[in-house]
Ligand SMILES: Cc1ncc(COP(=O)(O)O)c(C=O)c1O
């Protein structure tokens, strides 16, 4: 893949005030994006402006409450453009994990005949724990194998586990542990053929590729704004026909209509205001550096909004910046003696999130050494604990994870590689 020559990295970096940070005189290099990205100025401004001009609870008869309602309405539209949905299919919550628990409890409120739920070994615990908890309600949880060599889902095992008893398949779009992009569209189709509901965790994928909920035909899909330049907000997409029937646990005072029926309590309004601007930031990248029309990841001739088209271009521009850096990192890490990279084969779809180990060194010690040089990487299992356990690494401290973002530079990658080389000696 070639670098996008129109991509102005200096402009992109200038949008993120946090990039000015230094550690022991080293400029901070943020490779911790898969754990949460940095935030552009326009998101900070939106949070600030909300608290000055719109700070009120919802549904009042006065100016700030009207403003607040408008901010939330606009955010649903922005997220609908981000995911290819309708605004009334977008709900907000505390974070993905909490929304997924709410969803799991609501979907199984009155258990029917189908009592099996499928989860995978590759998933983050947030798309496993809420389903595993349903054993208490009499559900049987079946776990699909991940191939340890390739860090990909064993599709034969998945197919074998689907049956007329499957109530729901919990599916991972992309692995936050090793970057594998899973065959989500095919997995959803197979689940639907078996008559099951699908819940997709797109938290990691949403930063790395365009989500099109209609194209993949997800029933429910979750993501988190703090993974794509926004504040700490969880987002739930629900296919309207199903979502409007969801027996969510709610207060008597709460609306029974979508999308509010799952939105318990007062929402994080200022965070929601910032989330709109996170989408606008990606759309801005699309306007500046993107390619319009073909290659946007969209199917057919479906008419889409201008902002969605810009978002799709923005996603592509980011990917075109990150992928060559990721390839360089994969090549160079693999050539360092004592370093082992974990993840899918080179021709398999993946995000620019790269995990590795250094022989004889615990991941936390490596991360600590790198941190002193201003190189921010994560260590451990990143809540993809089952995956790390299956790789046999849990006892020895897990993985070191470096994730690329649109603001990372080649110099930062070189700095990281040089330090890894030094630590591997
Ligand atoms: C793939 C994946 N799923 C789910 C989550 C949980 O998201 P949240 O922190 O919004 O609950 C994360 C967070 O790291 C993640 O990476």
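Laid out as a table, the results:
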{"read-out": "Among residues of region 214-232, those that are touching a strand residue (DSSP E or B) at 6+ places or on another chain (Cβ under 8 Å), under 11 Å from residue 203 (Cα atoms) and either not in a helix (DSSP H, G or I) or not assigned by TED's automatic domain parsing to the domain that holds residue 169 (or both), counted", "value": "4"}
{"read-out": "Boolean, residue 218 is buried (at least 16 other Cβ atoms within 10 Å of the Cβ) and farther than 25 Å from residue 30 by Cα", "value": "yes"}
{"read-out": "Top-ranked residue in region 29-44 [being surrounded by fewer than 23 Cβ atoms within 10 Å (Cβ to Cβ) and more than 16 Å from the ligand (Cβ to nearest atom); ranked as nearest to residue 415 (Cα to Cα)]", "value": "41"}
{"read-out": "Test for residue 243: is it closer than 23 Å to residue 306 by Cβ and either surrounded by fewer than 20 Cβ atoms within 10 Å (Cβ to Cβ) or more than 16 Å from the ligand (Cβ to nearest atom) (or both)", "value": "no"}
{"read-out": "Tally of residues being surrounded by fewer than 18 Cβ atoms within 10 Å (Cβ to Cβ) and within 20 Å of the chain's Cα centre (by Cα) across region 102-147", "value": "2"}
{"read-out": "Residue count for region 142-171, restricted to those that are touching a residue at least 12 places away in the same chain (Cβ under 8 Å), more than 19 Å from residue 220 (Cα to Cα) and outside any helix (DSSP H, G or I)", "value": "13"}
{"read-out": "Single match in 404, 370, 399 (criterion: within 25 Å of residue 230 (Cβ to Cβ), at pLDDT 95 or above and in contact with a helix residue (DSSP H, G or I) (Cβ under 7 Å, 6 or more places away or on another chain))", "value": "404"}
{"read-out": "Selection status of residue 227, touching a helix residue (DSSP H, G or I) at 6+ places or on another chain (Cβ under 8 Å) and within 15 Å of the ligand (Cβ to nearest atom)", "value": "yes"}
{"read-out": "Unique residue being touching a helix residue (DSSP H, G or I) at 6+ places or on another chain (Cβ under 6 Å) and more than 16 Å from the ligand (Cβ to nearest atom) when the list is 125, 116, 89", "value": "89"}
{"read-out": "Some residue of region 334-352 being at pLDDT 95 or above, in a helix (DSSP H, G or I) and touching a strand residue (DSSP E or B) at 6+ places or on another chain (Cβ under 8 Å)", "value": "yes"}
{"read-out": "Matching residues, region 178-204, being part of a loop (DSSP other than H, G, I, E, B), in contact with a strand residue (DSSP E or B) (Cβ under 6 Å, 6 or more places away or on another chain) and more than 30 Å from residue 378 (Cβ to Cβ)", "value": "194, 196"}
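The rows are residues; the columns are (1) farther than 20 Å from residue 350 by Cβ; (2) in contact with a strand residue (DSSP E or B) (Cβ under 8 Å, 6 or more places away or on another chain); (3) within 16 Å of the ligand (Cβ to nearest atom).
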position	(1), (2), (3)
134	yes, yes, no
137	yes, no, no
159	yes, no, no
176	no, yes, yes
206	no, yes, yes
210	no, no, no
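The values are calculated or read from the model by the stated rules, or taken from the named source; none is laboratory data. Remember, it's a predicted structure, so these values are computed and weren't measured experimentally. Glycine gets a Cβ as well: all are built from the backbone with ideal geometry, and neighbour counts include every protein chain shown.
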